[in-house]
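The values are calculated or read from the model by the stated rules, or taken from the named source; none is laboratory data. Source: prediction; values computed, not measured. Cβ coordinates were reconstructed from backbone atoms using ideal geometry, including for glycine residues, and neighbour counts include every protein chain displayed. When the accessible area is computed, the model is the full protein with side chains, heavy atoms only, and any ligands, DNA or RNA have been set aside. Shrake-Rupley method; radii C 1.70, N 1.55, O 1.52, S 1.80 Å.
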Amino acid sequence: MDLNYTREEQAFRTEVRQWLKETLPHELREKVRLGKRLAKADMELWHSLLNARGWLAPNWPRAYGGCEWNAVQRHIFEEEACLAHAPRSLPFGLSMLAPVLLAFGTEDQRQRFLPRILNGRDWWCQGYSEPGAGSDLAAVKTRAVRDGGHYVVNGQKTWTTLGQHANWIFCLVRTDPGAKKQEGISFLLIDMDTPGVTVRPIVLIDGEPEVNEVFFDNVRVPAENLVGEENKGWTYAKYLLTHERTNIAGVGFSTALLTTLKHVAGRVKSGGRPLAENPHFAARMAQAEIDLMAMATTNLRVVSAAAKGQAPGAESSMLKVKGTVIRQELTSLLRRAMGPDALPFQPDFLDGGSNAAALGPDHAAAAAPSYFNMRKLSIFGGSNEVQRTIITKAILGL
Amino acid sequence: MDFNLTEERMMLRDTLRRFLADKYAHENRRALIAAGEPFDTGIYAGLAGLGVLGAMFREDQGGFGGEGFDLMVVFEELGRAGVIEPVLPAVLAGGLIAAIGNGRQRGLADEIIAGTHLAALAQGEAGSRYDLNHVETTAAAKGDAIVLNGIKTHVLYGAEAQTLVVSAREAGAVADAAGISLFLVPVNTPGVTVSGHRNMDAIPSATVALDGVRLAETARLGAAGGGLEALEAAVARGLAALCAEALGAMEAAKDLTISYLKERKQFGLPIGKFQALQHRMADMLIEVEQARSAVINLAGNLDQPRELREIHASAAKNLIGRAGALVAEECIQMHGGIGMTDEYALSHFARRLTMIDHLFGDTDYHLERFIALKAG
Ligand SMILES: Cc1cc2nc3c(=O)[nH]c(=O)nc-3n(C[C@H](O)[C@H](O)[C@H](O)COP(=O)(O)OP(=O)(O)OC[C@H]3O[C@@H](n4cnc5c(N)ncnc54)[C@H](O)[C@@H]3O)c2cc1C
Ligand SMILES: Cc1cc2nc3c(=O)[nH]c(=O)nc-3n(C[C@H](O)[C@H](O)[C@H](O)COP(=O)(O)OP(=O)(O)OC[C@H]3O[C@@H](n4cnc5c(N)ncnc54)[C@H](O)[C@@H]3O)c2cc1C
């Protein structure tokens, strides 16, 4: 074992840092730093900057425009990007759909869709969950019936993240209602401009319409948009979920959050002293830091152990549970650190539309909303309860 | 010992619960907030009519209650329904006026009890965090006038109030206990600028700038330089109210979650059949009962000498903070996605529970304060 970065890895870190310094626009960096909400154009801009450098798709093969980075390179990039207050890149096309197309799609589908993910022509969203199918994902009811060269789709998806910005959605649809529930599901790509698709936003606890309901009313989808075989969608769906979890530990995000937390606790005063000198608060911060230091290594151990280009197996459930708990704890500490200044709800400031100054010090406006928003981490991508059940069965053999 | 409510308090609780069940549907509350209204004046008048405000004051103050258990009964119901109308300022600012006001000043308390006058407590400052004694706002004698300068932050209902009870320093250093006075400041006094906003939990709040505000000597509430003692006692009552409100919100969140666990099916079973959730629900029930006991301890000691009162105030606020976070986080988690939506009542209870921790000292603050009080 050797915990030191090799000379090449150090050089890579320097290169990434330098690029971020030169390329990440100040305005975008400030929005991310202060926890403001990003507009569609902000996210598209970030994607285009990464794409211009050839760094948009860390996991993809080079042949399709990816980086083929190993686990350590990905870790370095993520850490540097987070510490530089870069936005996160959107996972839906890059690390959800693309691995499925690479593994199970036709070459035509890869040539058709992958370049458009890179050049920003398409914005994908994930149409898995339904009102009746959350943790029990295989219970999806959205129906797709073959009609000549098309599938006719009827039903509803929900919790669709950023579906309001998307023009394509990948869906789990039921093609054989008679079969056992896992065996009648197909994986279908749907153009959201097709007649019969309706998107309705859902406002969340932080006041932001981050997710949506997506309704399908006799939507005609060309049969060529089926991925893999009909009724084999469950296999692809699960394959996608393990890829969804590769970056789930969120070590980079937590590292950036910890830096912000320390900065805030060093400035905010409690009883005349900086909060960071308050033994009680200092102990909580230190514990979170200790957990995070170990998590960084757990994450690299698990991710490195997976074969090249493959996602880790059930071990990724450990990363999900512990990684999200650490991240949630850090957002909770940041909220507490702000004291009464965490109280005001400042949507105009957070939306970035107005230049109105925020009430309270830097980071105060976003502290409570982001604490509330981050409750999602233990719910989506397979809830933490579901992850524990996976650990129980697949690792512990109980 | 007797853990039963008196008949009067039971009646008050029942009529209040009926009134709120009838008039305070979650959809109406959401629509009110969406419309940008700070609160519903009709509901507020209704609450005054039921005697909710009178119950906050003793008989010799013009009310018919004023004990810890009166606060508890009322605020638990307000918390259960998610009420955003300004009953808390009646306890804080109104309580101060009734407790230490002179004959003329106490006339204001009668109007507060009637619900026709709103007074808000302007105590916090940018640098004070949760310390009542940290007062940078100054009050200086100029001829026969007193002139206030400073900025007060997080003034709950400050933009809706007609009168502010302001803490300002007449003598001593920034964090000294002595030298703080309280003043009655009508909001239309020249030099007062109030900017309102809404908090995360939908409660209206404000920043108040005091720029050369000239007051007469008669505006001083209580003794010159001796304001902290009265302020601390009023805040202890405010803490009892907030802790009881949090208890009500916890009960409501817990009830919603129990119903949901019975109703929501995944894998062909109500999710309440999964032991992973059952045990957490059991733990939550235990914590909520502990929270109730902590509120009872505080309510029963509110009129005791300072040290005992404050020990229970800090104990309750600490325990309520911990239990509140647990209930808010666990109820959301056990609901899954639906628990995070603005449309569903749970997220509003979770927001209120979380934000109560940021009012008048959070879990950590009161833990340290408890240790100090016990050591002293
Ligand atoms: C902010 C946000 C964004 C999302 N984005 C997307 C998206 O883009 N696309 C998409 O398809 N979906 C998305 N989701 C949906 C997400 O994947 C689901 O919320 C998740 O799968 C849980 O489903 P549910 O909400 O229906 O909860 P339920 O499955 O009803 O679960 C409720 C509770 O019961 C627990 N539970 C359920 N079954 C068991 C069991 N067997 N044992 C123990 N406990 C159990 C759960 O862990 C949870 O605590 C998003 C959700 C959120 C909150
Ligand atoms: C100090 C001590 C004093 C005791 N005194 C007495 C006494 O005076 N009289 C008497 O009759 N007995 C007594 N007991 C025995 C006690 O009642 C049993 O130990 C207890 O009922 C657990 O049974 P077990 O040890 O067989 O463990 P098991 O029942 O085998 O349980 C093992 C573990 O599995 C868990 N478990 C079991 N079933 C479930 C389930 N359905 N869901 C979730 N978890 C489960 C348990 O919580 C435990 O962690 C005593 C035990 C101890 C340790």
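Among the residues of segment B:80-108, which ones are of a type in the set (S, T, N, Q) and open to solvent by 20 Å² or more (accessible area, probe 1.4 Å)?
Of everything in segment B:80-108, just one residue is of a type in the set (S, T, N, Q) and open to solvent by 20 Å² or more (accessible area, probe 1.4 Å), namely B:Asn102.
With (1) within 16 Å of ligand 1 (Cβ to nearest atom); (2) among the polar types (S, T, N, Q); (3) closer than 28 Å to A:Lys31 by Cα as the list, and A:Ser317 as the residue in question, which single condition is left unmet?
Checking A:Ser317 against (1) within 16 Å of ligand 1 (Cβ to nearest atom); (2) among the polar types (S, T, N, Q); (3) closer than 28 Å to A:Lys31 by Cα, the one that fails is (3).
Has segment A:263-279 got any residue that is modelled with pLDDT under 95 and part of a helix (DSSP H, G or I)?
Yes, that holds for at least one residue.
Looking at segment B:192-219, which of its residues are within 14 Å of chain A (Cβ to nearest Cβ) and either within 17 Å of B:Leu32 (Cβ to Cβ) or of a type in the set (S, T, N, Q) (or both)?
Answer for segment B:192-219, where residues must be within 14 Å of chain A (Cβ to nearest Cβ) and either within 17 Å of B:Leu32 (Cβ to Cβ) or of a type in the set (S, T, N, Q) (or both): B:Ser195, B:Gly196, B:His197, B:Arg198, B:Asn199, B:Met200, B:Asp201, B:Ala202, B:Ile203, B:Pro204, B:Ser205, B:Thr207.
If I ask for residues that are open to solvent by 40 Å² or more (accessible area, probe 1.4 Å) and within 17 Å of the chain's Cα centre (by Cα), which ones from segment A:285-317 would you list?
The answer is none; no residue qualifies.
Looking at segment B:262-276, which of its residues are open to solvent by less than 70 Å² (accessible area, probe 1.4 Å) and either within 8 Å of ligand 1 (Cβ to nearest atom) or in contact with a Cys (Cβ under 6 Å, 6 or more places away or on another chain) (or both)?
Scanning segment B:262-276 gives B:Arg264, B:Gln266, B:Ile271, B:Phe274, B:Ala276.
I'd like to check which helices (runs of 4 or more DSSP H) are fully inside segment A:1-81 and have at least 2 residues that are within 19 Å of the chain's Cα centre (by Cα).
The qualifying helices (runs of 4 or more DSSP H) are A:26-33, A:40-53.
Collect the residues in segment A:354-384 that are within 16 Å of ligand 1 (Cβ to nearest atom) and among the hydrophobic types (A, V, I, L, M, F, W, C), keeping them in residue-number order.
A:Phe372, A:Met374, A:Leu377, A:Ile379, A:Phe380
What are the residues in segment B:349-362 that are more than 8 Å from every other protein chain (Cβ to nearest Cβ) and not aromatic (Phe, Trp, Tyr), if any?
Answer for segment B:349-362, where residues must be more than 8 Å from every other protein chain (Cβ to nearest Cβ) and not aromatic (Phe, Trp, Tyr): B:Arg352, B:Leu353, B:Ile356, B:Gly361.
Within segment A:172-195, identify whether any single residue is within 30 Å of A:Trp55 (Cα to Cα) and within 10 Å of ligand 1 (Cβ to nearest atom), and answer yes or no.
Yes: one or more hits.
Here is a check on your reading of the model: is B:Leu184 among the aliphatic types (A, V, I, L, M), under 28 Å from B:Glu37 (Cα atoms) and open to solvent by 10 Å² or more (accessible area, probe 1.4 Å)?
Answer is yes for this residue.
Given B:Glu67, B:Glu111, which one is at pLDDT 95 or above, more than 30 Å from B:Gly196 (Cβ to Cβ) and surrounded by fewer than 23 Cβ atoms within 10 Å (Cβ to Cβ)?
B:Glu67
Looking for something part of a loop (DSSP other than H, G, I, E, B), within 20 Å of the chain's Cα centre (by Cα) and more than 11 Å from chain A (Cβ to nearest Cβ) - is there at least one such residue anywhere in segment B:179-191?
No, that holds for no residue.
Just checking, how many residues over segment B:121-167 are open to solvent by less than 40 Å² (accessible area, probe 1.4 Å), farther than 24 Å from B:Val91 by Cα and either within 13 Å of chain A (Cβ to nearest Cβ) or at pLDDT below 95 (or both)?
Number satisfying all stated conditions: 1.
So, B:Gly225, is that one surrounded by 14 or more Cβ atoms within 10 Å (Cβ to Cβ), away from ligand 1 (no atom under 16 Å from the Cβ) and not hydroxyl-bearing (Ser, Thr, Tyr) or not?
yes
Does B:Leu156 count as among the aliphatic types (A, V, I, L, M), in the same structural domain as B:Phe64 (by TED's automatic domain parsing) and within 20 Å of the chain's Cα centre (by Cα)?
Here the answer is no, as B:Leu156 does not meet what is asked.
For segment A:93-138: of the residues being more than 16 Å from ligand 1 (Cβ to nearest atom) and of a type in the set (Asp, Glu), which is least open to solvent (accessible area, probe 1.4 Å)?
A:Glu107
Please give the number of the condition A:Ala337 fails out of (1) in contact (Cβ under 8 Å) with a residue 12 or more places away in the chain; (2) among the aliphatic types (A, V, I, L, M); (3) more than 11 Å from every other protein chain (Cβ to nearest Cβ).
(3)
Answer with yes or no whether A:Val199 is part of a strand (DSSP E or B), in contact (Cβ under 8 Å) with a residue 60 or more places away in the chain and away from chain B (no Cβ under 14 Å).
Considered against the rule, which asks whether it is part of a strand (DSSP E or B), in contact (Cβ under 8 Å) with a residue 60 or more places away in the chain and away from chain B (no Cβ under 14 Å), A:Val199 comes out as no.
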